[in-house]
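Notes for the one structure printed next.
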């Protein structure tokens, strides 16, 4: 069972790693970033729904509150991320887009400090934020 979990993680990493290539290919065929984002999410939805229907259909039962929450998270988080990411891929390329995606922990830490007045209390957090910023800066 443990090996199966590792296999799933490996497959997920491989799919994630080809995301920019997937987007570039579809956009070179004439699709706009929003269509690529929709296609990615819709195909994922279909695959997961079919899998759930075959394995355990009861996991698809959801109450109204859960449905509204899932819909909002899907529209705001997933659709938003994908549309921004594929627009970035079209505008600045895959490599720089990927670097920008992984700057989010740094911005969350900084905005939490500025907006919510949260302390970056841990020395390790401060060092990691600095090293992260430095590595992003060295990409330019």
Task: For the chain, alpha-carbon Rg and Dmax in angstrom - done: 18.7, 50
Task: Full-extension gain in nm, residue 53 to residue 130, via 0.36 nm per residue minus C-alpha separation - done: 23.1 nm
Open item on the list: Between 0 and 90 degrees, rounded to the nearest ten: what's the tilt of helix 104-115 against the longest Cα principal axis of the chain?
Closed with: 60 degrees
Open item on the list: Ranking request for peptides 82-90, 5-13: highest mean number of other beta-carbon atoms within 10 Å first, then the rest in descending order.
Closed with: 82-90, 5-13
Task: Full-stretch length increase - residue 77, residue 120 - with 0.36 nm per residue and alpha-carbon distance subtracted - done: 12.9 nm
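Between residue 98 and residue 68, take the C-beta separation as r, use R0 = 30 Å, and let me know the FRET efficiency to the nearest 0.05.
On the way: r = 32 Å, r/R0 = 1.07.
So, using R0 = 30 Å, E works out to roughly 0.40.
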Open item on the list: Test of understanding: in a Gaussian network model of the chain with alpha carbons linked when under 10 Å, which of 111, 42, 81 would top the mean-square fluctuation ranking?
Closed with: 111
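Read-outs throughout are calculated quantities, based only on the coordinates presented, and are distinct from any laboratory measurement. None of these values were measured; they are calculated from a predicted model. Virtual Cβ from ideal backbone geometry, glycine too; neighbours counted across all protein chains shown.
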